[in-house]
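Nothing in this text is a laboratory measurement; each read-out follows from the coordinates by a stated rule. What you see is a predicted model, and the numbers here were worked out from it, not measured in a lab. Cβ sites come from the backbone with ideal geometry, for glycine too, and all protein chains shown count toward neighbours.
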Amino acid sequence: MQDEKNGARTGGRGRAVGRWLGGLGLLVVIALAAAWWLTLPDEPGAFYTPPPSPPAEPGILLHSEAYDTDIPAGAKGWRILYTSRLEDGSPTVASAIVVLPDIPAQGPRPVIAWAHGTTGIARGCAPSLSPAPFGGTPGMDEVVKRGWAMVATDYAGMGTPGHHAYLFGQVAAYSVLDSVNAARQMEDWQLGERVVVWGHSQGGHAALWTGMRAGTDAPELEIAGVAAMAPATELAAMIGYGARSSFGEIITAYLYTAYHRLYPEIGEAYISRFHAMVATDISRRCILDWRAAWSLALTRLLPDEGLFLKPISEGPFGERLAQNDPNGAIDAPVLLAQGLADEVIDPKLQEGYVGRRCAAGQAIDYREYPGLTHVSLVGPGSALTPQLLAWTEDRFAGKPASSTCSQR
């Protein structure tokens, strides 16, 4: 009998200890989840803080420093801070990476102005803060071998203070154009005025807008060509197509958050308060590092039919998106590349965009790539890369550009 009582007491203590350990385990899991949720991109360092009274004139170099992250062999890198402008013309600052080949310049260097794809909209998501800032840039080694310089903007509001105007075409164009003009102020770098603009995805949208705005906003630059790779061209329709994937849902959250910040009327008529909160939290994280796992988890809280309660093509949201579609004329030759297996940009929508721009008189060399996705279009081994380099070489050489518009 005594043994039974001792056994009961021992069993009771064991169950109590088990419950205690189980509760402790749950607390540990909750604590880890909270720490994970609270882990956000690192705050940019002092380099990204502008001086107290920066010049109001855009394209002014404020300071520079050596930069060696992900710089190809045979080149040197710098990080620069420069003045730029917002949609209303008010001054702001932005940062960029400049890559110069070790090959001695034989006169002014041709410049590739690189506009990057989506990395996030938080300050800490700037490519120049990333361990792989050129991870999605095609042909970097070949750019260096050809003796071309590259100026790669982070865009205003990424790295630098302020909100990033995600998929606002005019602001992106300013960031690109002003970065080149700022870098050209370093006489030792010998950057010329002849520029070919490259951009992918969000950056493809920025590249097209750069071509549209260059003559007005940076007439001192000679834009020899614009290469847009899987560009965002029909913004409202793109969101409807891409939202079927987790990546597309994250992009949708970025777009809503960025537009709502500038245009408060884009709010409860389009999205529930709960889903707006989820979208805002997704927007605090970058898309290309481990923290994106939390954003991917949060997309499970979004409705299957998409983030919005009504079509974003309607009302003030639709009007603002239409204003930022790249539908203006570009004086320079245009190359537009599209992967036919793209899961973010609908190839049929892209084809329609090209057809409308051709009908409006814009010459476009439109090239499709079967089997290539949104990312693999600019990835290693892509059939696009050697064609892009050859096309760019011809633009710097001043050769006539071809157009496929007559084939449509």
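Once the convex hull of the alpha carbons of segment 103-225 is built, what does its volume come to per residue, in cubic angstrom?
Normalising the Cα hull of segment 103-225 by residue number yields 105 Å³.
If you add up the charges near ASP325, with Lys and Arg at +1 and Asp and Glu at -1, over every other residue whose beta carbon is less than 13 angstrom from its beta carbon, what do you get?
Charge balance near ASP325 sits at +1.
Give me the net charge for the shell around ALA230: Cβ to Cβ below 14 angstrom, other residues only, Lys and Arg +1, Asp and Glu -1.
After counting each charged neighbour, the total is -4.
State whether segment 326-368 is rounded, prolate or oblate according to the following rule on the C-alpha gyration tensor (a ≥ b ≥ c being the square roots of its eigenvalues): a/c under 1.5 gives rounded; otherwise a/b larger than b/c gives prolate, and the remaining case gives oblate.
prolate
Where the convex hull is taken over the Cα atoms of segment 35-193, what is its projected area averaged over directions, in nm²?
Directional mean of the projected Cα hull area for segment 35-193 stands at 9.7 nm².
How would you rank 71-81, 334-344, highest first, on the average number of other Cβ atoms within 10 Å across their residues?
Averaged packing, sorted descending, gives the order 334-344, 71-81.
Cβ under 10 Å from THR160's Cβ, THR160 left aside: what net charge do those residues give with Lys, Arg +1 and Asp, Glu -1?
Cβ neighbours under 10 Å give a net charge of 0.
Would you please put 118-129, 199-210 in order of how densely packed they are, using the mean number of other Cβ atoms within 10 angstrom per residue and starting with the highest?
199-210, 118-129
Can you tell me, using C-alpha contacts under 8 Å and at least 6 residues apart, the relative contact order of segment 73-150 as a whole percent?
Relative contact order, segment 73-150: 36 percent.
Work out Dmax and Rg for segment 158-278 from the C-alpha atoms and quote the Rg first, both in angstrom.
16.8, 54
If packing is taken as the average number of other Cβ atoms within 10 Å across a peptide's residues, how do 170-182, 367-379, 219-231 rank, most packed first?
170-182, 219-231, 367-379
Quick one: compute a quarter of the convex hull surface over the Cα atoms of segment 359-402 and quote it in nm².
Mean shadow area of the hull around the Cα atoms is 4.2 nm².
Per the Debye formula with a single identical scatterer at each Cα and no solvent contribution, what log10 I(q)/I(0) holds for segment 183-238 at q = 0.28 Å⁻¹?
-1.05
Starting from the Cα coordinates of segment 302-387, work out the convex hull volume and express it per residue in Å³.
So the per-residue hull volume is 131 Å³.
Taking one equal scatterer on every alpha-carbon of segment 44-108, how large is log10 of I(q)/I(0) by Debye at q = 0.19, 0.27 1/Å?
Debye output, listed in q order: -0.80, -1.11.
Kirkwood hydrodynamic radius, segment 134-195, all distinct C-alpha pairs: what's the number in Å?
13.3 Å
In whole Å and largest first, what semi-axes does the C-alpha gyration tensor of segment 231-279 yield when each eigenvalue is scaled by 5 and square-rooted?
Rounded to whole Å, the semi-axes are 18, 13, 9.
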